[in-house]
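The values are calculated or read from the model by the stated rules, or taken from the named source; none is laboratory data. Quick caveat: nothing in here was measured; it's all calculated off a predicted structure. Cβ: placed from backbone, ideal geometry, glycine included. Neighbour counts: every protein chain shown. Keep in mind that these areas ignore ligands, DNA and RNA; they rest on the heavy atoms of the full protein, side chains included. Shrake-Rupley method; radii C 1.70, N 1.55, O 1.52, S 1.80 Å.
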Amino acid sequence: MSGLDAHLVVARGETFHLDVELEVPAGETAAVLGPNGSGKSTTIAVLAGLLALDAGHVRLDDTLLDEPSSDTFVPAEQRQVGVVFQDHLLFPHLDVLGNVAFGPRRRGRRRDRAADVARQVLHRLDIAELATRRPRELSGGQAQRVALARALAASPRLLLLDEPFAALDVASRATLRRTLRDDLGELAAPRVLITHDPTDAFLLADRIHVIEGGRIVQSGTAEELARRPRTPWIAELTGLNVIMGDARDGVVTATSGHVLHTAERTTNGPVVVTIGPRSITLHTERPTGSARNSWATQISHVERLGDRARVQVTDPQPLAVEVTPAAVDELGLAPGASVWVSIKATEIDVTPG
Amino acid sequence: MTTRRTQSRPPAALVGLAAVGALLFALPLAGLLGRTPWTDLPDLLTEPAVLDALRLSLITSLLAALLSLVLGVPLAWVLARVDFPGRSAVRALVTLPMVLPPVVGGAALLFAFGRQGLLGETLYEKTGFLLPYSMWGVVMANTFVALPFLVITVEGALDNLDPRVEQAAATLGAGRWAVFRYVTLPMIGPSLAAGLVLAWARALGEFGATITFAGNTQGRTQTLPLSVFVTLQSDRDTAVALSLVLVAISFTVLVVLRDRWWGRR
């Protein structure tokens, strides 16, 4: 198989145990999504070769990188596994060009060749003008892009993105998410994105693996996860409704053809709209309140999850709605029932996509 | 005119004692400068005995600094990065010369490397080489007292270095040696330089261990501080001139290290 094939088993003390299986085909991005302490950092460490497995294996394309049962372990410096760290970890004593040239240089390129490779990558990422800056002279977003350039310049056979946006402010996070997709576009290697932020996973990953307590509790596309969350944590995370569409002056036309009114009026063009499931209200009759968005629809699915219930509505715009179990009973919410949906324009988040 | 009092006056007792403390440093320096025969200085400083001492001191202290660098950086790295049983014992041992009276250090060196010493006896029998009372004995005594300064400075710098930066280098294809050479070493560069200057200054001023282990032979083991001590009995002017040289060197060191150790507010 071309790509990553890994079964990661790490036993650390009595309390923590990682047991995760990951398969990522070449050119695809898998997200490992989980709360803090779920085993995400350990996953990065064993894939990068900074920590050895206790059992299982890591195979990249046809190369076995780690397999305790056959006493195989390829250390980090021989793996060609690139890592973009959360806090970039650029070398403070080198300028941007020196940082990006570090990988090619250490992998045996001559000094001038390594610099050429670095310049090409910086140019491709459209940050050539940063070449002579020191890391401390970069903004958080710039530093993170340089860190990506540094990892890419080393021609990784697997790219690990360790919470790449967590240390950034909201504005740079949105910009970086968008550029990251373009930046990774040409990379043939499989990528693993480690994150606790479902938006990262939804926007960047082809497949999402939700990890809790060292184990994958659910895998699937964003849509699959949102529709059938298997644990309350996933329900909470993926309950977010993600809708692709096209914005013009505060009106978003979703790919479903449905039109949403948003409070955000300055963003035009392709957008990603997110709506929290608790920001949506269900009514048995046509609502008359201040909500700018309301339409009639049908319930396709109702699922009770302890102290809340998730209701799935269908055409014209499929959405996940979260209500209390009491509301389910009082309004008689059941598959097939007709309801009205209402959403305030201010509850709709618009991110340029 | 009114004076605006923004803060209450500092306690008189503290200010008084602080002034006495400052005088403790200022007065001897003033005494030395006041006693300096400025006009005869060029002649005094070019006397053969003085030139011998100056030359020997420079050679031995620089060799000791170099030796501290070659031995001290790996020692600091092992202490900071390798977890081995007895690490804290080794760390204590390394810093011992900083608190040990140098005379005791010199005596200890004799018991180890002297003609009848632990290692010295074998060394003498096998090669005929004798460390004590030779220039190499001076270098050894100097290194003994200087090395801890370098180790402590460098180890502190290594402790403050985020090991994940070194991990990042490893993921980019750098082996352990390359990580050390191209990431660790440049990142601790300023501390390394400071440790080196400190070690060199300490070696230059070394007296007790040197005179105990290497003796006091002009041209061979009589360094500047030893020369100051000897001439103080017979030739005050020369002693003062030599002292002035040492003060000048110390001052230069302080200026070089000023950003690191003082004036950084």
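Worth pointing out:
- Within region A:256-278, the presence of at least one residue that is part of a helix (DSSP H, G or I), outside the structural domain of A:Asp197 (by TED's automatic domain parsing) and under 24 Å from A:Ala222 (Cα atoms) is confirmed.
- Residues located in region B:184-225, provided they are within 14 Å of chain A (Cβ to nearest Cβ), surrounded by fewer than 23 Cβ atoms within 10 Å (Cβ to Cβ) and among the hydrophobic types (A, V, I, L, M, F, W, C): B:Leu185, B:Met187, B:Leu192, B:Ala193
- The residues of region B:170-180 that are facing chain A (nearest Cβ under 7 Å) and under 16 Å from A:Val83 (Cβ atoms), listed by number, are B:Ala170, B:Thr171, B:Leu172, B:Gly173, B:Ala174.
- Residues that are over 18 Å from the mean Cα position of the chain (by Cα), within 27 Å of A:Leu176 (Cα to Cα) and not hydrophobic (A, V, I, L, M, F, W, C) do not occur anywhere in region A:65-77.
- Within the option set A:Val328, A:Val321, A:Val311, A:Val302, being of a type in the set (A, V, I, L, M) and under 15 Å from A:Ile348 (Cα atoms) holds for one residue only, A:Val321.
- The set of residues in region B:149-164 that are within 14 Å of chain A (Cβ to nearest Cβ), surrounded by fewer than 19 Cβ atoms within 10 Å (Cβ to Cβ) and either assigned to a helix (DSSP H, G or I) or among the β-branched types (Val, Ile, Thr) (or both) comprises B:Asn160, B:Pro163, B:Arg164.
- Evaluation of B:Gln167 against the conditions (1) open to solvent by less than 60 Å² (accessible area, probe 1.4 Å); (2) assigned to a helix (DSSP H, G or I); (3) within 14 Å of another protein chain (Cβ to nearest Cβ) shows that the sole unmet condition is (1).
- Number of positions in region B:213-248 that are at pLDDT below 85 and within 25 Å of B:Thr153 (Cβ to Cβ): 0
- Scan of region B:191-225 for residues that are within 18 Å of B:Met140 (Cβ to Cβ), in a helix (DSSP H, G or I) and of a type in the set (Ser, Thr, Tyr), ordered by number: B:Thr210, B:Thr212
- Positions within region A:113-132 being away from chain B (no Cβ under 14 Å), free of Cβ contacts under 8 Å to residues at least 40 places away in the same chain and open to solvent by less than 80 Å² (accessible area, probe 1.4 Å), in sequence order: A:Ala115, A:Asp116, A:Leu122, A:Ile127, A:Ala128, A:Leu130, A:Ala131
- Condition broken by B:Thr60, with the remaining ones in (1) among the polar types (S, T, N, Q); (2) farther than 27 Å from B:Leu204 by Cβ; (3) in contact with a helix residue (DSSP H, G or I) (Cβ under 8 Å, 6 or more places away or on another chain) satisfied: (2)
- Which numbered condition B:Phe180 fails, given (1) surrounded by fewer than 24 Cβ atoms within 10 Å (Cβ to Cβ); (2) free of Cβ contacts under 8 Å to residues at least 40 places away in the same chain; (3) over 20 Å from the mean Cα position of the chain (by Cα): (2)
- Among the residues of region A:45-65, the ones that are in a loop (DSSP other than H, G, I, E, B), of a type in the set (A, V, I, L, M) and open to solvent by 20 Å² or more (accessible area, probe 1.4 Å) come to 3 in all.
- Scanning region A:152-179 for residues that are assigned to a loop (DSSP other than H, G, I, E, B) and either open to solvent by 30 Å² or more (accessible area, probe 1.4 Å) or more than 14 Å from every other protein chain (Cβ to nearest Cβ) (or both) turns up A:Ser155, A:Arg157, A:Phe165, A:Ala166, A:Ala167, A:Leu168, A:Asp169.
- Residue that is farthest from the other protein chains (Cβ to nearest Cβ) [pool: residues in region A:75-107 that are of a type in the set (S, T, N, Q) and in contact with a Lys or Arg (Cβ under 7 Å, 6 or more places away or on another chain)]: A:Asn99
- Exclusive hit being touching a helix residue (DSSP H, G or I) at 6+ places or on another chain (Cβ under 9 Å) and under 27 Å from B:Leu185 (Cβ atoms), set B:Phe129, B:Phe84, B:Phe111: B:Phe84
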